[in-house]
Each structure stands twice: as structure tokens, then as C-alpha cells.
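A.B. asks: Below is a structure I'd like to ask you about.
The values are calculated or read from the model by the stated rules, or taken from the named source; none is laboratory data. Computed from a prediction, not measured in an experiment: that's the story for all the values here. A quick note on method: Cβ atoms are made from the backbone with ideal geometry, for glycine too, and the neighbour counts reach across all protein chains shown.
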Amino acid sequence: MRVIIDAFGGDNAPLCVLKGCALALSERNSVNITCVGNEEIIKKVAIDNNISLNGIDIVNAPDVISFNDPPMDIMKKHSDCSMAVGLKLLSLGKGDVFISAGSTGALVVGGSLIVKRLPGIKRPAIATLFPSKTGKFMLIDSGANYDCRPLMLQQFAVIGSELMQKIYKVTKPRVGILNIGEEAIKGTDLQRETFKLLSESLDVNFVGNIEPQTAFAGKCDVLVSDGFSGNILLKSTEATSKFLFLQIKDVFYSNIFTKFAASILKSKFLKLKSKLDPSNFGGAPLIGLLKPVIKVHGNANEIAIKNAVLQAVEMVG
């Protein structure tokens, strides 16, 4: 297994990327990792932080594309950035999967134009896993395409169903459309037209419109959405989870009695926190490309990077 990773993608790069790679190798030493980025800086950060580079190859890329750069710059102005070079390595067969916590827009453009899309696929999409009452569900798209057409959502539904069957072993995955109500007339033209397409499709097990609360209750396995709405759901869920755990912590440490209760319930809450922590989900595949590309959250820490590498091994292996 050969994993290529963007060493300068994300807010905490390259330190957290290198730490995450080292952690992944400590659990799976058979993996070969190629870090792409400024070689001099990578080696200095590794030495300064006592990070072993055993099992890690370095491919030099002198430039970085930032979150503020126009996505198309990955093909011209920043064509020698760490993300672009990593995607080129993947397209040339120098690795089995590419991982980046960098700009989503740039990754979508680079993935589409360097790695290339699968035949017939209109746009790649980000497929993010969420925990639910009954297990998990996959949200597609969670941020790659803000402006979508019904045919794109239909393709997301088909590919999402295939992923849930082949990778997560879900038989006949239930597919729903993210909407503000269950009725077929709800939503904008996008949701209503997609409802018609999926109702007539023989390729998916369509269960209708799904509201966010019913998705978390376990009423679907694949939830299709335009990237704008999906990204709002993703970030709102993450923010709400963090807020609630901070509030619970304040309650438990308010006096001696609540502290005693906290000591009894600590293991239960840590288990729940771990279940909801985005870092433990690693990354999200950018589906619809010829080769596997995984997007990691922009503020990913070393745990998220480690889990993204291990996730890549499971997905591709």
C-alpha cells in the first residue's frame, strides 16, 4: 500500500501531518508513505520535533496553494504546489491513494483535471460518514459542489450506494434526499426534480426525503445533497457537538456533587465523545475520480491524519 499525502495541506501542516504519518506507521508499518512538500522544511520540522521519518519518503514540492487562492490556480499559478504534485504522482501510478487537508476547491479542480473523473460522472463529490442511532450514514455531497443539478445528485446516490455496499457491507443501502420535509413537494426545484429521478431509478433503494433529525435517527444509509446544504449540515453538526460537550463539562465541574457524578460517568462520556469526534473518522473520499482521493478537514490534528491514512489503507486495500 502506497499512500501519498500533502504535507502542507491544512491549518496545522506540516507538523500534524508528519506526526499523523508517524502514528499511522506505528500501527501499520507495512504502509509506504510519501510526503509531498518543501523537503527542507519537512526535514527541519521532523528534527525539531523528534519525529521519525522511517518509512516516509519525501517528494519535493516548493509551493503551497492556500485556502484563499482561486481553485483553478492549482493548474497554472500553483502547478508545482504540494497538492498538485501529489495528485500528479497518483495519476502516474506512483501511489495508490492521495490524502490532503488543503483547499477543498483546489482538490476538486485538481482531482477532476489531473486524476480525471470516471466516465460519465459530471462532478466528483465528498462523501462524509456520520454516526447515527443505528450505525452510520454517508452524506454526499458535503462540500465539493455548491451548485448542483438533479442528475448530479442522482449520480451521488448511485455511487454512494456502491460505496456503502462494497466498503461498509450494507445490503441494499437506503437512499434519501436532504430536505426540510418528507413530502415530495418540499424543497427547491433541485430537490423536487431529484425526487422524481430517484423515484424512477432502479439503481438505488430510494426512501424519499429525509430531514436531518431522521437521518441521525438511522432512517437512511446514504443522504444526497448539494454541497452547500451538505457543508452547512456538516459544520453545524460539528459545532453543536463541541458546544454541547463544553456545556456538559461546565455542569459536571460546577460543584463537589457534580464532580463526583462526573467521575462515575466519565468513561461513558469519553466513549460518546470519541464516537462524535470528527478526528476519529479520518477523512472523506472524493468520489467519482479514476483513483482514490481523500479529503481531510482543514483543521485536522495528528489523530485525524493518522486515521485518514489507516482509512485509506482499508478503503483501497
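A.B. asks: Before we move on, is Asp189 of a type in the set (D, E, K, R) and in contact with a helix residue (DSSP H, G or I) (Cβ under 6 Å, 6 or more places away or on another chain)?
C.D. replies: no
A.B. asks: Just checking, which of Lys271, Lys249, Lys242 is among the charged types (D, E, K, R) and under 30 Å from Thr171 (Cβ atoms)?
C.D. replies: Checking each option against the conditions leaves just Lys271.
A.B. asks: Restricting attention to the stretch 292-309, and to residues there that are hydrophobic (A, V, I, L, M, F, W, C) and part of a loop (DSSP other than H, G, I, E, B), which single residue is surrounded by the most Cβ atoms within 10 Å (Cβ to Cβ)?
C.D. replies: Only one residue tops the list, namely Val296.
A.B. asks: So which residues in the stretch 65-77 are crowded, with 23+ Cβ neighbours inside 10 Å and within 21 Å of Glu40 (Cβ to Cβ), if there are any at all?
C.D. replies: Ile65 - this is the single residue of the stretch 65-77 that is crowded, with 23+ Cβ neighbours inside 10 Å and within 21 Å of Glu40 (Cβ to Cβ).
A.B. asks: Evaluate the following for Lys88: is it surrounded by 15 or more Cβ atoms within 10 Å (Cβ to Cβ), charged (D, E, K, R) and in a loop (DSSP other than H, G, I, E, B)?
C.D. replies: When the stated conditions are applied, Lys88 does not pass them.
A.B. asks: Surrounded by fewer than 16 Cβ atoms within 10 Å (Cβ to Cβ), closer than 21 Å to Val222 by Cα, in the same structural domain as Leu129 (by TED's automatic domain parsing) and of a type in the set (Lys, Arg), is that true of Lys271?
C.D. replies: Spelling it out, it is not the case that Lys271 is surrounded by fewer than 16 Cβ atoms within 10 Å (Cβ to Cβ), closer than 21 Å to Val222 by Cα, in the same structural domain as Leu129 (by TED's automatic domain parsing) and of a type in the set (Lys, Arg).
A.B. asks: Looking at (1) assigned to a helix (DSSP H, G or I); (2) surrounded by fewer than 23 Cβ atoms within 10 Å (Cβ to Cβ); (3) in the same structural domain as Ala312 (by TED's automatic domain parsing), which one does Lys94 not meet, given that it meets all the others?
C.D. replies: Just one mismatch for Lys94, condition (1).
A.B. asks: In the set Thr194, Thr188, which member is surrounded by fewer than 23 Cβ atoms within 10 Å (Cβ to Cβ), among the β-branched types (Val, Ile, Thr) and closer than 18 Å to Pro150 by Cα?
C.D. replies: Just one listed residue meets the conditions, Thr188.
A.B. asks: For the stretch 227-278, name all the residues that are of a type in the set (S, T, N, Q) and touching a residue at least 12 places away in the same chain (Cβ under 8 Å).
C.D. replies: Of everything in the stretch 227-278, those that are of a type in the set (S, T, N, Q) and touching a residue at least 12 places away in the same chain (Cβ under 8 Å) turn out to be Ser229, Asn231, Thr237, Ser241.
A.B. asks: Take the residues in the stretch 33-44 that are within 26 Å of the chain's Cα centre (by Cα) and of a type in the set (Val, Ile, Thr), then tell me which one is surrounded by the most Cβ atoms within 10 Å (Cβ to Cβ).
C.D. replies: Val36
A.B. asks: In the stretch 110-121, what residues are surrounded by fewer than 20 Cβ atoms within 10 Å (Cβ to Cβ) and free of Cβ contacts under 8 Å to residues at least 40 places away in the same chain?
C.D. replies: Leu113, Pro119, Gly120
A.B. asks: Do any strands (runs of 3 or more DSSP E) entirely within the stretch 1-80 hold 3 or more residues that are in contact with a strand residue (DSSP E or B) (Cβ under 9 Å, 6 or more places away or on another chain) and on the phi > 0 side of the Ramachandran plot, and if so, which?
C.D. replies: Of the strands (runs of 3 or more DSSP E) lying wholly inside the stretch 1-80, none has at least 3 residues that are in contact with a strand residue (DSSP E or B) (Cβ under 9 Å, 6 or more places away or on another chain) and on the phi > 0 side of the Ramachandran plot.
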